[in-house]
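Here is the structure we will look at, set down as structure tokens.
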Amino acid sequence: MLVACTHQEIKKETGLDKLMKGNQRFASLRPTHPNEDQKHMLEESKAQHPFAVVVCCSDSRVAPELIFDQGIGDLFVIRTAGNIIGGLELGSIEYAVEHFKCKLIVVLGHENCGAIKAFIDHDEAPGHIKEIIDSITKESEIKAISINDKDRLDHSVIANTIHVSKQISAQSSLIKEKIDNKQLQIVASRYDLNDFKVSILKY
């Protein structure tokens with residue numbers, strides 16, 4: 001028996017849906033490792049077609065392709081300690097949005113971030129590492145958190161992730177225009193190192 005479906009009943013899977021379903025598989029220890037077969041990799045060698053940009057920390061435990069159970073050519077990833085971004089990182093995001101028509105940017109913070117912890121602990125940072133901590137120190141969302149907050153580290157991780165999400169659209173007219181025209185979405189998220197789950201942050 002055929003069942004007719006109205007247009008409203010058929011919901012197209014979004015890029016965010018795809019990422020969150022992938023994370024569910026990863027967190028359940030049932031990843032499928034898609035798009036890693038020889039045929040796909042040879043196709044991607046000719047041209048890449050990422051569907052999302054992920055901005056995240058360089059922490060070795062936070063690999064987006066694994067956390068979201070995606071494969072070769074699926075994600076355009078920008079990684080720096082503490083998710084810190086500047087002109088070069090913004091240019092990389094713009095490149096993916098403009099040239100690959102990515103419709104989703106995900107900023108992924110994570111539990112127990114070392115860069116945020118160094119800021120909270122007032123660690124002496126040698127060389128250019130100090131620039132990372134100085135950048136975090138200037139974030140208004142971080143400044144708003146009380147030094148007496150018992151969950152200061154985790155709240156600061158969330159604040160930093162939200163800050164970067166806002167910063168991307170505030171400092172890129174190209175990205176802001178696409179957001180205003182509903183051609184692009186920015187999502188802030190947090191990864192839990194203990195249960196392997198990604199949660200979406202409201203702001």
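The values are calculated or read from the model by the stated rules, or taken from the named source; none is laboratory data. Just so we're clear, the structure is a prediction, and the values are computed from it rather than from any experiment. Cβ sites come from the backbone with ideal geometry, for glycine too, and all protein chains shown count toward neighbours. Note: accessible area is taken over every heavy atom of the protein model, side chains too, but ligands, DNA and RNA are not part of it. Shrake-Rupley method; radii C 1.70, N 1.55, O 1.52, S 1.80 Å.
Of note:
- Selection of first residues in the range 146-170 that are in contact (Cβ under 8 Å) with a residue 24 or more places away in the chain and of second residues that are of a type in the set (Phe, Trp, Tyr), restricted to Cβ pairs under 8 Å at least 6 apart or on distinct chains, gives the following pairs, ordered by first then second residue: Ser156/Phe119; Ile162/Tyr203; Ser165/Tyr203; Lys166/Tyr203.
- Qualifying position, being assigned to a loop (DSSP other than H, G, I, E, B), surrounded by fewer than 13 Cβ atoms within 10 Å (Cβ to Cβ) and out of contact with any helix residue (DSSP H, G or I) (no Cβ under 9 Å at 6 or more places or on another chain), among Lys46, Lys39: Lys46
- The set of residues from the range 142-170 being in contact with a Lys or Arg (Cβ under 7 Å, 6 or more places away or on another chain) and open to solvent by less than 40 Å² (accessible area, probe 1.4 Å) comprises Ile145, Val157, Thr161, Ser169.
Table: residues versus (1) in contact with a strand residue (DSSP E or B) (Cβ under 9 Å, 6 or more places away or on another chain); (2) under 25 Å from Asp74 (Cβ atoms); (3) at pLDDT below 95.
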residue: Glu89; (1), (2), (3): yes, yes, no
residue: Ser92; (1), (2), (3): yes, yes, no
residue: Ala144; (1), (2), (3): no, no, no
residue: Lys166; (1), (2), (3): yes, no, no
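- Selection from the range 25-54 of residues that are over 30 Å from Asn194 (Cα atoms) and hydrophobic (A, V, I, L, M, F, W, C): Met41, Leu42, Ala47
- Among the residues making up the range 115-128, a single one is surrounded by fewer than 19 Cβ atoms within 10 Å (Cβ to Cβ) and either closer than 17 Å to Glu89 by Cβ or of a type in the set (S, T, N, Q) (or both): His128.
- Residue within the range 50-63 that is assigned to a helix (DSSP H, G or I) and either in contact with a Lys or Arg (Cβ under 9 Å, 6 or more places away or on another chain) or modelled with pLDDT under 95 (or both) present: no
- Top-ranked residue of the range 90-104 - restricted to ones that are outside any helix (DSSP H, G or I) and open to solvent by less than 70 Å² (accessible area, probe 1.4 Å), ranked as farthest from Lys182 (Cα to Cα): Phe100
- Residue under evaluation His163, criteria (1) more than 18 Å from Arg190 (Cα to Cα); (2) touching an Asp or Glu at 6+ places or on another chain (Cβ under 6 Å), criterion not met: (1)
- The single residue among Ile72, Ile78, Ile84, Ile67 that is open to solvent by 10 Å² or more (accessible area, probe 1.4 Å) and touching a residue at least 60 places away in the same chain (Cβ under 8 Å) turns out to be Ile84.
- For the range 32-63, a residue qualifies if it is touching a residue at least 12 places away in the same chain (Cβ under 8 Å), under 17 Å from Val157 (Cα atoms) and not basic (Lys, Arg), and the qualifying residues are Val54, Val55, Cys56, Cys57, Ser58, Asp59, Val62.
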